Every structure is written in structure tokens, then in C-alpha cells.
Amino acid sequence: MGNQIFNDLLRLAADNGASDVHVKSGKPALLRIEGKLQEVEMDRITEDQALDFLDTILAESFKARWEEEGQIDFGHTVEGIGRFRVAAFRQRGTVTIVFRYVKNEIPTFESLNLEAPVLTRLCKARDGIIIVSGATGSGKSSTLAAMLNWMNGHVQKHIITLEDPMEYNFPDKECVFNQREIGIDAVSYSLGLMSSLRQDPDAILIGEMRDKNTFETALAAAETGHLVMTTLHSINVHQAVIRLFEFFPPDQQEQMRRQVASSIRAIICQRLVPALEGGGRIPAVEILVGDSVSRNVIQEGNFEKLNSIMDGGGESGSHSFNKDLFRLIKAGKISKSDGLAFSPNPKALEMNLKGIFQSEGGIIG
């Protein structure tokens, strides 16, 4: 009975284009549609119903952790609906469950409204680290999935993914995939990554960069000829770079700057902006591509210069949020008002839209 309530709720979410479902014991469920939470007209979901649902679907290896820690992340598939990333936790003694809908269809650059040229060039890299950053719910996993999807159709690689939980299920095409879920197939990201280096991978996806050990192992993998792709929580590229070095004490900073500078292929940061057509949201993206200029800036620790590199753009493919927002507004993908609202520098974007741009030599019209 409890499972049927949840299955009906998840079907309702999928049918209405919801990205997330919030279930809090003692209240009706909430759906997040186009970024806004909306209450479902239904009876309140009891704690017993929530606990019964978790007891039914949790793998045995997860049940002990749920009892001990009071929180658990896992994947859940409902036949005929699709896959959900689930976060269950206790708050004030009661149970809350949040479902993130992962659509069955693996996204493409086109379906996500992402500019493909720079991303496809990055997908061809033989080694190094590619980081996709952004706030929670900014579409980082979808962008990485689109990159893996492109690789699967165009290059021949052995790709190992380490995910918590696993989201998209990739069929073998040009690439051979081995997808491992943390807690089921591997104890932790760090141990799973160390093990993957003995499994002859060409590329490794790490669902999230969480700690010093994982990042050090990822750097070692990149330096020994592997392409490493991962996510990081940050609001922009500048913050993402700073966060990388927060993993390490001051006496290791210089050494790590050298290693990071030589290994970084790109840092991508995105935020979702309301779309003009068809509802939903589309990503606005800033990219720092690892070229000689950006590597030197990172190695020297002159992080304050990163924004000017992206503002300048150039042949490398680096570009700022404002440049992408400008593109999306001009293409009719987003409104001017939303572009300005999501811009880190709305005054500069307003000038750009009037045809005025700042160059190193001054203002040009």
C-alpha cells in the first residue's frame, strides 16, 4: 500500500515535468516544477508509510547505514516511469525523502542547449581533469552525462563511473562502460577510484569531489594518462578553483598549484535560467579552459585574474557567464530580465546588449 502511494506520486511528478519530489512525514508531498515547489492535493504521508517504503526498497547493504547514520543516498527505478536519485534523512525525529527525477533518455548537448564545440573538444582529451561545478540542482550531472553520451558515439574508450547513487545507465556503443555505485559496488569514492586505476580505464567519472584523498588520487590518475571527470559545488569558476586548494594545508599549496595547473583541462560552472519557450530551465555556462595563460595564473596563485581570462575569451574557448547569457538572450532562449537577474555583473551585461564591450585597450562599440 505504501509503495503504491509513492509510485503514484512519482508518476504524477514525471507526468507534470517535476524535477524533484519532497516527502516530509505528516504532510502532503511537494513537487518542484520549473524551480518552484507546489503542494500535491493528497492525504498526508505518515511516517509509517515513509519507513515502510524505505524498508521495502533499500538494499540490505544500505539498511544498516540508514539505521546508524539517519541518512542515506541511493538510486530507485520505477518500471514505466524512470529512475530517481533519492536522499532520505531524519529531521527532528521524523523522516523526509527527496527524489530527483533522472529521465530515461540520456541528454545530449543539443537537448540541454549547451554549446557543443568546446565541450566536444574536451571530450577528445586523452588525460587531465574536467570539473563541472555549480550549486545543487544546477544540472551538473546532466552536463557530464551529455559529455559521456557524446564520447559513447564518437570515441573508443573504457569508461568507469563511480556514482553515489548511479543515475544514467549507459549502453555500450563505441565505449565500454563499467558503472559502480558507492555503497553497493564500492565502499567509497576514494577506494573505488584507487581500484579503478588497476582496471585499465581510459576515462573515469567521479560523481562528486568530496575530500582530499579522492582529489589526490584523481590528480595521480590524470598525471598517469587518464581523463578524469567530476563535479564540485561552487557558484562560479573562481570559487571552484579556490575550493580545490581548500583540501590542502598551507605547506602543500605551492606543490598542489603546480599539479592542478598541469592537469586541469577545464572548469565548467553553470546555473539554470528559466527558458522562454516550452517552460523549464536551461544552463548558462562559464568555462575556464586549461591553456598556457590559465595554467600560469593557477600555478602562480593569481586567482583574481581568472575572471578577466574568461571575460577576454579567445581561441581557447574560455568564456564568462555574461558572454553565455548574452548568447542566450540574443538567441531568444531566455528573457533579458532573467539574463540580468542571473548575471554576476548585470551592468556589464546591459552594456553588452547595447553593443558596448570592454576590451583590454578600453571600451569598444
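The values are calculated or read from the model by the stated rules, or taken from the named source; none is laboratory data. Being a predicted model, the structure only gives us computed values, none of them experimental. Here Cβ is always computed from backbone atoms with ideal geometry, including for glycine, and neighbour counts include all displayed protein chains.
For the stretch 265-313: of the residues being of a type in the set (Lys, Arg) and in a strand (DSSP E or B), which is nearest to Thr143 (Cα to Cα)?
Just the residues of the stretch 265-313 that are of a type in the set (Lys, Arg), to begin with: 265, 271, 281, 295, 305.
If we keep only those that are in a strand (DSSP E or B) as well, we get 265, 271, 281.
Values: Arg265: 16, Arg271: 11, Arg281: 13 Å.
Looking at the filtered set, the residue picked out is Arg271.
In the stretch 283-312, what count of residues is obtained for those that are in contact with a Lys or Arg (Cβ under 7 Å, 6 or more places away or on another chain), in contact (Cβ under 8 Å) with a residue 60 or more places away in the chain and surrounded by fewer than 18 Cβ atoms within 10 Å (Cβ to Cβ)?
Selection size over the stretch 283-312: 0.
Could you list, in sequence order, all residues of the stretch 189-211 that are part of a helix (DSSP H, G or I) and more than 19 Å from the chain's Cα centre (by Cα)? Spell out the reasoning first.
Step one: list which residues in the stretch 189-211 are part of a helix (DSSP H, G or I), which gives 189-196.
Leu191, Gly192, Met194, Ser195, Ser196, listed by residue number.
Considering each of Arg243, Arg295, Arg265, Arg258 in turn, give the residue that is under 16 Å from the mean Cα position of the chain (by Cα) and in the same structural domain as Thr217 (by TED's automatic domain parsing). Break it down stepwise before answering.
Values: Arg295 fails: under 16 Å from the mean Cα position of the chain (by Cα); Arg265 fails: under 16 Å from the mean Cα position of the chain (by Cα); Arg258 fails: under 16 Å from the mean Cα position of the chain (by Cα).
The match here is Arg243.
Which one is farthest from Met310 (Cα to Cα), of the residues in the stretch 122-141 that are touching a residue at least 60 places away in the same chain (Cβ under 8 Å) and in a helix (DSSP H, G or I)?
Step one: of the stretch 122-141, the residues touching a residue at least 60 places away in the same chain (Cβ under 8 Å) are 122, 125-141.
If we keep only those that are in a helix (DSSP H, G or I) as well, we get 122, 140-141.
Details: Leu122: 17, Lys140: 20, Ser141: 23 Å.
Among them, the one singled out is Ser141.
Just checking: which of the strands (runs of 3 or more DSSP E) contained wholly in the stretch 47-121 hold 1 or more residues that are of a type in the set (Phe, Trp, Tyr) and over 17 Å from the mean Cα position of the chain (by Cα)? Talk me through it step by step, then tell me what you get.
Working: elements: 71-78, 82-91, 94-102.
Here the list reads 82-91.
Give the stretch 227-254 a look and list any residue that's assigned to a helix (DSSP H, G or I), in contact with a helix residue (DSSP H, G or I) (Cβ under 7 Å, 6 or more places away or on another chain) and either touching a residue at least 24 places away in the same chain (Cβ under 8 Å) or of a type in the set (A, V, I, L, M) (or both), or say none. I'd like the intermediate steps shown before the answer.
Going residue by residue through the stretch 227-254, those that are assigned to a helix (DSSP H, G or I) are 237-245, 250-254.
Add one more test, that the residue is in contact with a helix residue (DSSP H, G or I) (Cβ under 7 Å, 6 or more places away or on another chain), and what stays is 237-238, 241-242, 244-245, 253.
Those that are assigned to a helix (DSSP H, G or I), in contact with a helix residue (DSSP H, G or I) (Cβ under 7 Å, 6 or more places away or on another chain) and either touching a residue at least 24 places away in the same chain (Cβ under 8 Å) or of a type in the set (A, V, I, L, M) (or both): Val237, His238, Val241, Ile242, Leu244, Gln253.
What residue, among those in the stretch 189-208 that are in contact (Cβ under 8 Å) with a residue 24 or more places away in the chain and surrounded by fewer than 20 Cβ atoms within 10 Å (Cβ to Cβ), is nearest to Leu227 (Cα to Cα)? Talk me through it step by step, then tell me what you get.
At the first step, the residues of the stretch 189-208 found to be in contact (Cβ under 8 Å) with a residue 24 or more places away in the chain are 189-190, 192-193, 196-197, 199-208.
Cutting the leftovers down to surrounded by fewer than 20 Cβ atoms within 10 Å (Cβ to Cβ) gives us 197, 199-200, 202, 208.
On the way: Leu197: 11, Gln199: 14, Asp200: 12, Asp202: 6, Glu208: 15 Å.
Looking at residues that are in contact (Cβ under 8 Å) with a residue 24 or more places away in the chain and surrounded by fewer than 20 Cβ atoms within 10 Å (Cβ to Cβ), I get Asp202.
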